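Novice: The following block contains the structure, expressed as structure tokens.
The values are calculated or read from the model by the stated rules, or taken from the named source; none is laboratory data. Remember, it's a predicted structure, so these values are computed and weren't measured experimentally. Heads up, the Cβs are rebuilt from the backbone with ideal geometry, glycines too, and the neighbour counts pull from every protein chain shown.
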Amino acid sequence: MQKASSTVRDVARRLPARRPSSVRRTTDIQVVPESAWDGDLEVRGSARDARVDGRGTLTASETTRLHLTLDNRSVVTGLAAGLPGAVADALVGSAAAGGFRARLRALPEGSLDPDSPAAALLDDLPTVRLISGYGRLIEMGPQPGRPAAPLPGICTGWAPGGTADRRAQAGERLLGRAPAAPPFRSLLDHPDDFHPADSHAADSHAADLHPETPPERSSMRRRRILEVARHGGDLDIYQYFRDSHLDAAGREGSLHEYELHAVATQGSLTLSALSVRPRALPFPECPLAAAEVGVLLGTSLYDIEDSVRARLSGTRGCTHLSDVLRFLRFAGPLADRLM
């Protein structure tokens, strides 16, 4: 394994302009503790699929919203969303933890489109408690009598003997201030490059604008952009991912941030090119996982989830980078909508 470089603090200041004749999915998940990070959590999610025509005009094709609560065991205790009854009934009372995605796949046929924006939001729920754990680490620091963080060996950043492991063993504070995250809207080439706070606005033009959801102090937030365009006989794929923390003073810091570029063959969706740029990560060892993604070349995006689990587990991978890579499974269904 390569020697760890210094902590990555190269936060993005500007994202690529949307491409003509492309499709994109944007998702936004906000996690807010009801009282403390160790207790119940409120989760607010929204997502949008949109088409961009040859002149660069964007039109939303599908939107969804999600609002739920999780108890301290990650059990879904309340749900308010436009989900089919069979989906809502299956979620309430179930734990958004190990096995959750398998339960989603086992839902009655026709109850949840596995390629939909709603499925993309639900797919992220098992990571909510992990995301909230970083909020606890930042705001509360180490606490006597409880594990400081994930077990050593779970990922590159938590390699045995690495920075995080040594700090945990010494009882030191694991995380300091994350690098300042620019206001998300300032990253965009055009305000409607990301979906609006109210994706169900009656005025379709208003729904394409982007009055960003008001920031909630002491919260965590995950935003994604996945864009697919044709390039010759291939699909050109771009993804941006940012986990951020908003502290009690209203300062937003970028905790996990990646940009990804990939090329996949149309039809088979076989990856022929893949590169990942770490933008902001919490520990010096974290960026090393990005250098390992080449093991996925030749993989079909139809099999990307299994391939990521098989080839980038443990200290070869990063939990959050795996989330980025797994999200590529939606590139194929999006490509089917290219004009």
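Novice: Looking at this structure, is VAL52 β-branched (Val, Ile, Thr) and free of Cβ contacts under 8 Å to residues at least 40 places away in the same chain?
Specialist: yes
Novice: Give just the number: which of (1) touching a strand residue (DSSP E or B) at 6+ places or on another chain (Cβ under 7 Å); (2) surrounded by fewer than 17 Cβ atoms within 10 Å (Cβ to Cβ); (3) under 30 Å from TRP37 (Cβ atoms) does GLU257 not satisfy?
Specialist: So the condition that GLU257 fails would be (2).
Novice: Another question, if that's okay. Residues of the stretch 150-180 being of a type in the set (Gly, Ala, Ser), exposed (fewer than 14 other Cβ atoms within 10 Å of the Cβ) and at negative phi, which ones?
Specialist: Correct list: ALA170, GLY176, ALA180.
Novice: Of the numbered conditions (1) among the basic types (Lys, Arg); (2) at pLDDT 95 or above; (3) closer than 30 Å to MET140 by Cβ, ARG251 satisfies every one except a single condition; which is it?
Specialist: Here ARG251 clears every test but (2).
Novice: Just to be sure before I move on: is SER21 farther than 21 Å from ASP113 by Cβ, hydroxyl-bearing (Ser, Thr, Tyr) and touching a residue at least 40 places away in the same chain (Cβ under 8 Å) in the structure I sent?
Specialist: In short, yes.
Novice: I need every pair where a residue in the stretch 125-153 that is under 30 Å from ALA88 (Cα atoms) and at pLDDT 85 or above has its Cβ under 6 Å from the Cβ of a residue that is among the small types (Gly, Ala, Ser) and buried (at least 17 other Cβ atoms within 10 Å of the Cβ), sequence separation at least 6 or different chains.
Specialist: LEU125/ALA96; PRO126/ALA96
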